[in-house]
Amino acid sequence: MGKIKYSIVQRTVNLAEQALAKQNGTEDSFVPQVKFYGAAQQTDCLTLDQFAKHISEHHSKYGKGDIYCVLVEMVSCMREQLLLGNKISLGDMGSFYITLSSKGAEYYDEFSAQNITHVNVRWEQGQQFKDLLTDANFELVETRKAAAATMKQVRESYPSRPEEENPEGNGNGGSSSDNGGTTPGGSDTGDNTGGGTTPGGNGDDDMGA
């Protein structure tokens, strides 16, 4: 079984007090309370086609194409039913329903549908998703920001390939000189900066920081 990658991030936990201090002009004397938290880093993002293929390979009697069509139709039908105000229960997967965001009205009779600003889709976890912590394994990795900084430092620490002195060449792939012959760019230091990746570099905070 794979592992859930996570990074450790630093966050200010009393943001409301900080905002109030800024509003009152006392921000200079405000001491933020900082704590460290875990942030999930996504390993990959499966497309609908890839997900259908994955399902078809799990001892399914249906092919990828059949599963793909069902998933596409499910999205369309779920949208239709949610817009009808229905809640959709998908067994162990859980239930989907809508909530509303709206602008408040000062008086009851002043509120109307015009005050509704957004229709939100909510997922209520089914039993299969309520105990993920029990079966989860975790692996500590760098944040995307830290991984990018590391790769930048690695790239800058190695010399660039020298430019060709004779771009057209002399027909044998190199340029010869009186000092024994050299091939620009032909030096091999044994270092390979492009053959590896930094774990956690493709995760997202909240996917991550």
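What pairs come up if the first residue lies in segment 125-153 and is closer than 30 Å to Met93 by Cα, the second is of a type in the set (Val, Ile, Thr) and not in a helix (DSSP H, G or I), and their beta carbons are under 6 Å apart, counting only those six or more places apart or on different chains?
Ala136/Ile4; Phe138/Ile4
Can you spot a residue in segment 16-37 that is surrounded by 12 or more Cβ atoms within 10 Å (Cβ to Cβ) and within 29 Å of Asp135 (Cβ to Cβ)?
Yes, segment 16-37 contains a residue that is surrounded by 12 or more Cβ atoms within 10 Å (Cβ to Cβ) and within 29 Å of Asp135 (Cβ to Cβ).
Collect the residues in segment 85-99 that are under 16 Å from Asn120 (Cβ atoms) and either surrounded by fewer than 14 Cβ atoms within 10 Å (Cβ to Cβ) or in contact with a Leu (Cβ under 9 Å, 6 or more places away or on another chain) (or both), keeping them in residue-number order.
If the condition is that a residue be under 16 Å from Asn120 (Cβ atoms) and either surrounded by fewer than 14 Cβ atoms within 10 Å (Cβ to Cβ) or in contact with a Leu (Cβ under 9 Å, 6 or more places away or on another chain) (or both), then Gly85, Asn86, Lys87, Ile88, Phe96, Tyr97, Ile98, Thr99 are the ones that fit.
Restricting segment 112-161 to residues that are in a helix (DSSP H, G or I) and of a type in the set (Lys, Arg), which is farthest from the chain's Cα centre (by Cα)?
This residue is Arg155.
What pairs come up if the first residue lies in segment 95-112 and is aromatic (Phe, Trp, Tyr), the second is in a helix (DSSP H, G or I), and their beta carbons are under 7 Å apart, counting only those six or more places apart or on different chains?
Phe96/Met78; Phe96/Leu82
Go through segment 40-70 residue by residue and tally those that are closer than 30 Å to Arg144 by Cβ and either surrounded by 14 or more Cβ atoms within 10 Å (Cβ to Cβ) or of a type in the set (Val, Ile, Thr) (or both).
Summing the residues that are closer than 30 Å to Arg144 by Cβ and either surrounded by 14 or more Cβ atoms within 10 Å (Cβ to Cβ) or of a type in the set (Val, Ile, Thr) (or both) in segment 40-70 gives 9.
Restricting to segment 20-42, give me the number of residues that are out of contact with any helix residue (DSSP H, G or I) (no Cβ under 9 Å at 6 or more places or on another chain), on the phi < 0 side of the Ramachandran plot and not in a strand (DSSP E or B).
Summing the residues that are out of contact with any helix residue (DSSP H, G or I) (no Cβ under 9 Å at 6 or more places or on another chain), on the phi < 0 side of the Ramachandran plot and not in a strand (DSSP E or B) in segment 20-42 gives 6.
Could you grab me the full set of residues in segment 43-65 that are within 24 Å of Glu142 (Cα to Cα) and at pLDDT 85 or above?
Asp44, Cys45, Leu46
Take segment 15-42 and flag every residue that is under 26 Å from the mean Cα position of the chain (by Cα) and more than 23 Å from Glu142 (Cβ to Cβ).
Leu15
The values are calculated or read from the model by the stated rules, or taken from the named source; none is laboratory data. Computed from a predicted structure; not experimentally measured. Methodologically, a virtual Cβ is constructed for each residue, glycine included, from the backbone with ideal geometry; neighbour enumeration extends over all protein chains shown.
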